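The values are calculated or read from the model by the stated rules, or taken from the named source; none is laboratory data. These numbers were taken from a predicted model, which means no experiment stands behind them. All Cβ positions, even for glycine, are placed from backbone atoms using ideal geometry, and neighbour counts span all protein chains on display. These accessible areas exclude ligands, DNA and RNA; they are computed on the full protein's heavy atoms, side chains included. Shrake-Rupley method; radii C 1.70, N 1.55, O 1.52, S 1.80 Å.
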Amino acid sequence: MANDRNSRKENKSGGNEPTFNWRGVVLIAIACALFGLAILYRGGTYANVEDVPYNRFLELLDNKQVASDKNYPLQLVVEEGRPTQTLRGYYLKQPVGGAPPQPVPFKTTIFLNYNTNLQERLAAAGIQPAIRTESNVLAQTLVGFLPIGVFLVILYLLFRQQIRMAGKGALNFGKSKARMLARDKNKITFRDVAGVEEAKDEVQELVEFLRDPKKFQKLGGRIPKGVLLVGPPGTGKTLLARAIAGEADVPFFSISGSDFVEMFVGVGASRVRDMFEQGKKSAPCIIFIDEIDAVGRHRGHGVGGGHDEREQTLNALLVEMDGFDTQEGVIIIAATNRPDVLDPALLRPGRFDRQITVNLPDVKGREEILRVHSKKVKLAEGVDLAVVARGTPGYSGAELANVINEAALLAARRGLKGITLAELEEARDKVRWGKERRSLALSEKEKTNTAYHEAGHALLLELLEHTEPLHKVTIIPRGPSLGSTMWLPEEDKYTNRKNELLDSLAVSMGGRVAEEIVFGDVTNGARGDIKMATAMARRMVCEWGMSEKMGMVEYGEHEDYVFLGRDISRSRDYSEATAEEIDREVRKLLDDAYARAKDLLVQHRDKLEVIARALLEYETLDGSQIRDIIEHGRMMNPPPGPTPPTKPEMPAEKPPKQVVVAPDVTPPLPGALGGAPA
């Protein structure tokens, strides 16, 4: 019964379902009737009356053809205020063949100023017309204004809904824009949420409270008023909130933080109050505020003094959250990926009592997420999702869902009956590193340069001890780069040792070093490598205490995101001399990595040549084939195609200096080193 009542309320208040407008049909019918009457009045009842000129009438009168008996009288119509009169009657028309004459109705117009002898001529013919006086001023006025009235009625019918909504909109600015998801429409439960087991355990208390509030009230426990879900984008914060409402079988109000702030002052605060009022009427329920950082930012930190309307909205939110009691059954859930910019008053206990971190899933969580999304598609037999999960470290739930979708589209284009592991791996590479651009026409010079660049990265990945396993090397343009060297960790990593970071710096330098060794010149293709290596070296010195000279001191607050209003005026908390020392230490780390990479590539110049020639021949090599070249000097299991060269060959002549004309691009994502920019 509750569900039926809620659905009736939604249908009554929604106003979106089309209904038959009887009132509009009646008004249109009345307008058409009035218009028809006007036409009839214009034409009169003499629709078939012959209009006879006055001279012709005189001829008929002289020829004794005008009828004047009781059946066919002659009538003179006098209209007040007009200089003309109308004479109506019948004249006898002689048909062909000797038949008796037939009376034909006619009318003629008489001008009073020029027809003074008409009465004498009628008396001479023995005809005495009947005189009828008409006063049609009202009818003429009605006929004149009737088209205007019909036009106004049609305009009203066309724009009636807009007129009504304009009136309501002026009064509804302060109404909450929260969208209510009824119980019967929310089919999402914890079974549809995977990879966030700890977060599900923490919110299980909310579900139990909403199902049985007395269980907690007996012991005096107080359920959290608010729960803040914090995590990177795409980890499933909104999905988790909907699953809570689905498990508890309660109404779910959803609103975005940006929906509170309007161009009118005071609207945001009014909407906050109205949202809580709606929640109390539907208790027990869940109010979910997505992207709460849009309205919950630090007060007083805006550029130029802050944003008064946003701060008023935040104040109203703070008061409402502090003023209501969870015994009413209203629980606030908010989500954000920027907890660093939220106002401290919003995060204190009593408002958001609990913060739940929704992290990126581990390998087990990724496998569960893949299984949830693979239920909607058709997988081929023998596909092991654990292999895909191990090869997707750092992927969020949204990215994994995109991998499944891209694989399904790829399998459909190839005409397959099911998704195989090959499509899943190709979709994984496309989601993380971009789609292959095989149609891009590259000259042989650029292909050769890209091949040696990527060969330098790949060789160092295999030679150095503390690096991740090499996954694939390609000189096919993909995403923003002309070539890519990809690696995949064997397991999820949450920390990095210093030796691993130093080896990563050396690998980043491998492409530039290979260009210098082989061609004696360098290109701008290492821009992304340099940017990534510089950022890593600076964090090693300033944040991670991995510089012996600078020591274990944190230099400056290095946040992933900058809050402009707070950080624009923040001064550096170390001296200029210290800044110069930091720059020298960063430069030393990069120079040491460059020298180390150069020594290794010079020592293994022959392997570098073979890898580059193999890339020019096959365009794409996987990690096992690169390892075969390093260990045996050739590939034991080459890809389909011509056999690659096995002996190192020096270039016939050093190519001239080349200039790669290309725009700057952003650095590649973690897990790949790019070649020359596209």
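Output yes when any residue across region 417-436 is in contact with a strand residue (DSSP E or B) (Cβ under 7 Å, 6 or more places away or on another chain) and among the small types (Gly, Ala, Ser), and no when none is. Yes: region 417-436 contains one or more residues that are in contact with a strand residue (DSSP E or B) (Cβ under 7 Å, 6 or more places away or on another chain) and among the small types (Gly, Ala, Ser).
The conditions of being surrounded by fewer than 18 Cβ atoms within 10 Å (Cβ to Cβ) and either modelled with pLDDT of 85 or more or in a helix (DSSP H, G or I) (or both) are met by Ala595. If you go through region 414-441 and keep only what is acidic (Asp, Glu), open to solvent by 20 Å² or more (accessible area, probe 1.4 Å) and closer than 18 Å to Leu488 by Cα, you end up with Glu425, Glu426. Where helices (runs of 4 or more DSSP H) fall wholly inside region 197-292, the ranges with 2 or more residues that are of a type in the set (D, E, K, R) and more than 25 Å from the chain's Cα centre (by Cα) are 197-211, 213-217, 267-281. When region 388-413 is filtered for residues that are modelled with pLDDT under 90 and open to solvent by 60 Å² or more (accessible area, probe 1.4 Å), only Arg390 remains. Against the test of being surrounded by 15 or more Cβ atoms within 10 Å (Cβ to Cβ) and at pLDDT below 75, the options Leu157, Leu138, Leu210, Leu229 yield a single qualifying residue, Leu157. Within region 40-47, identify whether any single residue is open to solvent by 30 Å² or more (accessible area, probe 1.4 Å) and at pLDDT 65 or above, and answer yes or no. There is no residue in region 40-47 that is open to solvent by 30 Å² or more (accessible area, probe 1.4 Å) and at pLDDT 65 or above.
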